[in-house]
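Below you'll find the structure, written out as structure tokens, and then a few comments.
The values are calculated or read from the model by the stated rules, or taken from the named source; none is laboratory data. Quick caveat, the model's predicted, so the values are computed rather than measured. Cβ: placed from backbone, ideal geometry, glycine included. Neighbour counts: every protein chain shown.
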Amino acid sequence: ASVKTPAVQMSSAVSNGSSALADIDWDNLGFTFLPTDYMYVMKCGHGENFAKGELKRFGNIELSPCAGVLNYGQGLVEGLKAYKTTDGNILLFRPEENGMRLRLGAERMCMLSPSVDQFVEAVKDTVLANERWVPPPGKGSLYIRPLLMGSGSVLSLAPAPEFTFLIYVSPVGNYFKDGLSPIDLMVETETHRATPGGTGCVKTIGNYAAVLKAQSSAKAKGYSDVLYLDSVHKKYLEEVTSCNLFIVKGNVISTPATEGTILPGITRKSIIDVARSLGFQVEEQRLTVDELLDADEVFVTGTAVGLSPVGSITYFGKRTSFRSSGVGVVTQQLYTALTRLQMGLAEDSMNWIVKL
Ligand code: COI
């Protein structure tokens, strides 16, 4: 994402939790980074617990060139969103799930992590401090990006002696530029995102660097993104670079079983529950390219992406289209159910919403 200079007046009267909106073009938000007012920082040494964090003005951070995250990739990202409702409330969607996922990832990456309560409190504090950056209802959301990194110095390969937990936020609109219009995916047959026993199931930063080459090459050919296959059999569907995949066939909705190589998305998990509550049969299983190409509808889910319909899949140069335009009925139904919940427009019967 490109870094833009915010078109914002940084008057102190509006920078500290005031509900006055930042002065930006709310009608044209994309998924690009806009610097906001505050970030949250919390540190701990090896063998300690994370204790107390603080809000700081958003800005560059200082890291030793020898930091574990810079040299050996000891880092995790998270992503969640805050929405403003028409009555002025700010809602978070399942933040404790991100806190739990961060803890699992930290265990895999030999890092210490904040408790789930510390995580959720830090998210709340950061959002409130940046309240004027939460888009008005219907214009987008505030993307919240927690990071956990090995910030201490290491030269030989070892876990860093100090960890930093940081949260920054940015107002965002659609991840794929045309919003709900169907995306075109290419099945990646040369490289793989994850291997059994590797780190595909945790949100470590290296997973994202590893997919850039395939993604960039697919984008250069006009595709929106790539879909990965498993690295052992080279035939089972895994995930797209930044989101999970779903297939609709009649009343059955299927998604690849996570099995250690796929990121267990929180939107993925939520869509499974929402679909079941709407009467669909949902299966988590191994799925082949043939099953994908035979689908009635295909869509992807993720925090950044939300829920996005897939219009076509290209496999070894052959393109299969699901719909020439528009959104499938089931995809639309799930999209509406999910977004209404996230925006506080539907009853929160699953208790997923945290109101600030
Ligand atoms: C998210 O969906 O929140 C992610 O972290 C994916 C990222 C590539 C934007």
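Remarks
- Given (1) aliphatic (A, V, I, L, M); (2) closer than 30 Å to ARG319 by Cα; (3) touching a strand residue (DSSP E or B) at 6+ places or on another chain (Cβ under 6 Å), index of the condition LEU180 fails: (3)
- Test: residue in region 332-341 that is away from the ligand (no atom under 16 Å from the Cβ), more than 23 Å from LEU104 (Cβ to Cβ), part of a strand (DSSP E or B) and touching a residue at least 24 places away in the same chain (Cβ under 8 Å): no
- Of all the residues in region 51-75, those that are of a type outside the set (S, T, N, Q), under 20 Å from LEU155 (Cα atoms) and in contact (Cβ under 8 Å) with a residue 40 or more places away in the chain number 8.
- Looking across region 207-252 at every residue that is assigned to a loop (DSSP other than H, G, I, E, B) and either aliphatic (A, V, I, L, M) or in contact (Cβ under 8 Å) with a residue 60 or more places away in the chain (or both), the one that is nearest to the ligand (Cβ to nearest atom) is identified as SER242.
- In region 253-288, the residues that are in contact (Cβ under 8 Å) with a residue 40 or more places away in the chain, surrounded by 21 or more Cβ atoms within 10 Å (Cβ to Cβ), within 16 Å of the ligand (Cβ to nearest atom) and of a type outside the set (Gly, Ala, Ser): ILE262, LEU263, ILE266, THR267, ILE271
- Number of the exception - PRO135 against (1) surrounded by fewer than 17 Cβ atoms within 10 Å (Cβ to Cβ); (2) in a loop (DSSP other than H, G, I, E, B); (3) modelled with pLDDT of 95 or more: (1)
- One residue from PHE299, PHE280 being within 18 Å of VAL187 (Cβ to Cβ) and among the aromatic types (Phe, Trp, Tyr): PHE299
- Residues of region 177-206 that turn out to be of a type in the set (S, T, N, Q), closer than 23 Å to MET109 by Cβ and assigned to a loop (DSSP other than H, G, I, E, B), as a count: 3
- In region 141-176, the residues that are more than 16 Å from the ligand (Cβ to nearest atom), surrounded by fewer than 24 Cβ atoms within 10 Å (Cβ to Cβ), not small (Gly, Ala, Ser) and not in a loop (DSSP other than H, G, I, E, B): GLU162, THR164
- Identity of the residue in region 289-314, away from the ligand (no atom under 15 Å from the Cβ) and part of a loop (DSSP other than H, G, I, E, B), that ends up surrounded by the fewest Cβ atoms within 10 Å (Cβ to Cβ): ASP294
- Scope region 253-288; condition assigned to a helix (DSSP H, G or I) and touching a strand residue (DSSP E or B) at 6+ places or on another chain (Cβ under 6 Å); matching residues: THR267, ARG268, ILE271, ILE272, ALA275, ARG276
- Where a residue in region 83-108 is assigned to a loop (DSSP other than H, G, I, E, B) and its partner, wherever it lies, is of a type outside the set (A, V, I, L, M) and surrounded by fewer than 21 Cβ atoms within 10 Å (Cβ to Cβ), with Cβ under 8 Å and at least six apart: THR85/PRO137; THR85/GLY344; THR86/PRO137; GLY88/SER19; ASN89/GLY344; ASN89/LYS355; ARG94/TRP352
- There is no residue in region 177-188 that is at pLDDT 95 or above, under 18 Å from the mean Cα position of the chain (by Cα), within 16 Å of the ligand (Cβ to nearest atom) and not β-branched (Val, Ile, Thr).
- One residue stands out in region 57-80 among those that are touching a helix residue (DSSP H, G or I) at 6+ places or on another chain (Cβ under 7 Å) and in a strand (DSSP E or B): the one that is farthest from the ligand (Cβ to nearest atom), namely GLY75.
- Test result for VAL329, exposed (fewer than 15 other Cβ atoms within 10 Å of the Cβ) and more than 26 Å from ASN98 (Cβ to Cβ): yes
- Any chance VAL327 is closer than 27 Å to LEU128 by Cα, outside any helix (DSSP H, G or I) and in contact (Cβ under 8 Å) with a residue 24 or more places away in the chain: no
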